[in-house]
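Below is one structure, written out as structure tokens; the observations come after it.
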Amino acid sequence: MIKFTLWLIGAAALASQPIMAQQDSRKVVEQSIEWVSVNSNLKLNKRLSIVLDGQFRQVNQLDPQQYQARTALEVKLNDHFSIIPLGYVYTWNYQYGKQPADFVNHEHRVWQQVAYKHKIGRIHFEHRLRSEQRFLQHHTSNNGEVSYDGYSDIQYRGRYRFSARVPLNGTKIESGTYFASVYDEVFASRGKNITYHKPDQNRVFAGLGYQFDKSFTLQGGFLYQMLLKSGGTLQENNFGVQVQFLYNIDLTHTH
């Protein structure tokens, strides 16, 4: 696990290098994307929270790309570390854009996560490492006849995200604070049907946000998504916007 983690972090720093070197042999398309997410943490006590997450991802002026419903149990170990021992996602995938998939294959997903937060001066940093076990629907076509094999396409994916936020009108992020936000996340996959074993997705975000109070935060900005498909022969370069709504509920203060 440690070796894989270090490899994934290194791949994040070098992700663009092999991409640029191999683009000439790939079919590359560019598309606009419009992503919206609604996130909430339900605080049960000082250690435990329930994560709720809805992702609404569109492409080429609001054509459906992918929708997700996510939940998990998060355990806060201290002021710096938190873990998610078990989470679940259901994903609705769509045939979209200039390189549509042959079939609509939805997905069950189980995941785990470790996150580390720290500050340097006014800048808030977070490192997030996530492991995913993916169970995708599988369709095959033979002489025009389509067969459905259930959720039989099993894949494993590692993700590492580095993010930073800096307050713009104060020394810390609290109620009434404007902030700048950036992140870079790299993905790598394994599985029987995976033939491309280098980083196959990268997401880069830069934007602004505002924390209204302890419960509600809004941020939005520019998003770039690089996505490799079909054994690395097809590539999407997607540029657009991402808007995130975060509303946390503290259930320990309801009595």
- Item | Of V89, V241, V104, the one that fluctuates the most in a GNM where the chain has Cα springs shorter than 10 Å | V104
- Computed over segment 47-151, the relative contact order (Cα-Cα under 8 Å, seq sep at least six) in percent reads 18 percent
- Message: Under 8 Å for C-alpha pairs, at least 6 residues apart: give me the relative contact order for the chain, rounded to a whole percent.
- Response: 18 percent
- Considering the chain as a Gaussian network with a 10 Å cut-off on Cα pairs, which listed residue, Q244, Q211, Q61, attains the greatest mean-square fluctuation? Q61
- By a straight-distance test (C-alpha under 24 Å), which lysines pair with K98 as possible cross-link partners, with residues fewer than eight away in the same chain excluded? K27, K198, K229
- Message: Pairs of alpha-carbon atoms within less than 8 angstrom and 6+ residues apart define the contacts here; what relative contact order does segment 89-191 have, in percent?
- Response: 21 percent
- Item | For the chain: rounded, prolate or oblate by the Cα gyration tensor [a/c cutoff 1.5] | prolate
- Message: What do you get for chymotrypsin sites (Phe, Trp or Tyr not before Pro) in segment 59-142 restricted to DSSP loop and a cutoff of at most 14 other Cβ within 10 Å of the site's Cβ?
- Response: F103
- Tilt of helix 2-14 relative to the longest C-alpha principal axis of the chain, in degrees (0 to 90, nearest 10)? 80 degrees
- Query: Which one of K76, K229, K192 has the biggest mean-square fluctuation once the chain is modelled by GNM with Cα springs under 10 Å?
  - Reply: K192
- Task: List the GluC sites (Glu not before Pro) within segment 137-194 that fall in a DSSP loop (any state other than H, G, I, E or B) and whose Cβ has at most 12 other Cβ atoms within 10 Å.
- Result: E174
- Message: Leaving out ligands, DNA and RNA, and with a 1.4 Å probe, what % of the accessible surface on segment 165-255 is carbon or sulfur?
- Response: 61 percent
- Task: Identify all lysines with a Cα-Cα distance to K43 below 27 Å; exclude those on the same chain that are fewer than 8 residues away in sequence.
- Result: K76, K117, K119, K172, K214
- Calculated from DSSP H runs of 4 or more alone, at -39500 (n - 2.57) each and per residue, what is the 222 nm mean residue ellipticity of the chain, nearest 500? -2500 deg cm²/dmol
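The values are calculated or read from the model by the stated rules, or taken from the named source; none is laboratory data. Small disclaimer: the values here were computed from a predicted structure and weren't measured. Cβ: placed from backbone, ideal geometry, glycine included. Neighbour counts: every protein chain shown. Surface accessibility is based on the protein's heavy atoms, side chains included, excluding ligands, DNA and RNA. Shrake-Rupley method; radii C 1.70, N 1.55, O 1.52, S 1.80 Å.
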